Amino acid sequence: QSQRVTAPQIRLRKGGEPIVVLTSYHTHTTRIIDPFVDCILVGDSLGMVMHGMETTLPVTLEMMILQGRAVMRGSSHALVVVDMPFGSYEESPQQAFRNAARILKETRCGAIKLEGGERMAETIRFLTERGVPVMAHVGLTPQSIMALGSFKAQGREETDWAPIERDAKLVAEAGAFAVVLEAIAEPLAAKISASIPIPTIGIGASPACDGQVLVLEDMLGLSDRVPKFVKRFGSLGDQIREAVQGYADAVRDRSFPAAEHTYGMKKK
Ligand code: KIV
Ligand code: NA
């Protein structure tokens, strides 16, 4: 655990070399990405990516803990941050602490993430004062989808900036070690990044941020539909289709399994 990146180390990287973050939910993908990233987020996007849910709302604490444990087993370098799911922290600072403590104790991850700015500031302070490192998340907050109506970029009119700026400022003051800015216009992301003392981790929030995060399956080309802000750095979907086609053909024409995949009798 000692050579792992820590939340205070990420905090100190404000304004420095960009912080590289990816999501991961599984041990095998974690083993592959761990050496290349600073931080791995076990995002509640797993509800949509792994389970085909339409939103992140049905995701449970048990699901987050299960995948958090899988990711901790696969990593030794990156800071692992586990999302608190909808309904597990909004009620009170006490509820948030109880569930954050379960996540830390049962996964041994290094930090939790929760959505919300001004409305969560008191909770962020309560958690950080009690030993729970918190990554905040403002701008587009997918757990608020029912209230927002749709997943769309925020702060694209200057008149919408003030509450988002306030959210970012207040989570920093409350003790968050970093804040995710999701789907906000570039000038707003630049203004926030320049004015708060903690690193901003952007997703659809321009290169002005102190770091970037993407959903692994989206950037690998495994997801069918991706938002505008995703760049596909790979085409794993096509590679899987090709491999599975090859397997299906080989089974059907009996070229697989071949002699080298087949057990004979022990030589006496
Ligand atoms: O759940 C998630 O994957 C996230 C990131 C995309 C920021 O919250
Ligand atoms: Na999330």
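Couplings for segment 71-85, taken from phi via the Karplus curve 6.51 cos²θ - 1.76 cosθ + 1.60 with θ = phi - 60°, read 6, 4, 5, x, 10, 9, 10, 6, 5, 9, 10, 10, 5, 7, x Hz in order; Gly and Pro are left as x.
Thr6's amide H: which non-local residues (gap 5+, or another chain) put their own amide H closer than 5 Å, with H modeled 1.01 Å from N in plane and none for Pro or chain starts? Long-range HN contacts for Thr6: none found.
Give me the percent relative contact order of the chain, please, defined on Cα pairs under 8 angstrom at least 6 residues apart.
Numbers: 498 pairs, mean separation 44.1, N = 268.
Relative contact order, the chain: 16 percent.
Here's the picture: a label point sits 7 Å out from the Cα of Ile240 along the beta-carbon direction, and within segment 21-50 the residues with their amide nitrogen under 17 Å of it are 23-33, 45-50. Of the chymotrypsin sites (Phe, Trp or Tyr not before Pro) found in segment 212-260, those in coil by DSSP whose Cβ has at most 15 other Cβ atoms within 10 Å are Phe233. Close amide H partners of Ile19, meaning residues 5 or more places away or on another chain with modelled amide H under 5 Å apart, are Gly211, Gln212.
Going highest first, how would you order 33-44, 189-200 by mean Cβ packing within 10 Å? Could you put the intermediate results ahead of the total?
Details: 33-44: 22.8, 189-200: 19.9.
Taking the mean over residues of other Cβ atoms within 10 Å, the ranking is 33-44, 189-200.
When peptides 23-32, 51-60 are ranked by their average number of other Cβ atoms within 10 Å per residue, the highest-first order is 23-32, 51-60. Sequentially through segment 216-227, phi angles give Karplus couplings (6.51, -1.76, 1.60; θ = phi - 60°) of 3, 4, 5, 6, 7, x, 9, 8, 5, 10, 10, x Hz, Gly and Pro residues having no value and appearing as x. Seen from Thr55, the other residues with C-beta closer than 14 Å to its C-beta sum to a net charge of -4, counting Lys and Arg as +1 and Asp and Glu as -1. Of the beta bridges in segment 61-188, as assigned by DSSP with both residues counted there, near 0 percent are antiparallel.
Would you mind checking Lys152/Lys191; Lys14/Lys152; Lys105/Lys228; Lys105/Lys169; Lys191/Lys228; Lys113/Lys169 for any pair whose Cα atoms are more than 25 angstrom apart? It would help to have the intermediate numbers written out before the result.
Values: Lys152/Lys191 20 Å; Lys14/Lys152 27 Å; Lys105/Lys228 37 Å; Lys105/Lys169 29 Å; Lys191/Lys228 22 Å; Lys113/Lys169 17 Å.
Table pairs above 25 Å Cα-Cα are Lys14/Lys152; Lys105/Lys228; Lys105/Lys169.
Relative to its Kirkwood radius, the Cα radius of gyration of segment 40-122 gives an Rg/Rh of 0.96. Judged by the gyration tensor of its Cα atoms, with axes a ≥ b ≥ c, the chain is prolate; a/c meets the 1.5 cut and a/b is the larger of a/b and b/c.
Expressed as an acute angle from 0 to 90° and rounded to the nearest 10, what is the orientation of the C-alpha long axis of helix 186-195 relative to the principal long axis of the chain? Relative to the chain, helix 186-195 is tipped by roughly 60 degrees.
Quick note: the coordinates plus some simple rules give every number you see, no bench work behind them. Computed from a prediction, not measured in an experiment: that's the story for all the values here. Here the Cβ is made from the backbone with ideal geometry for all residues, glycine too, and neighbour counts use every protein chain on show.
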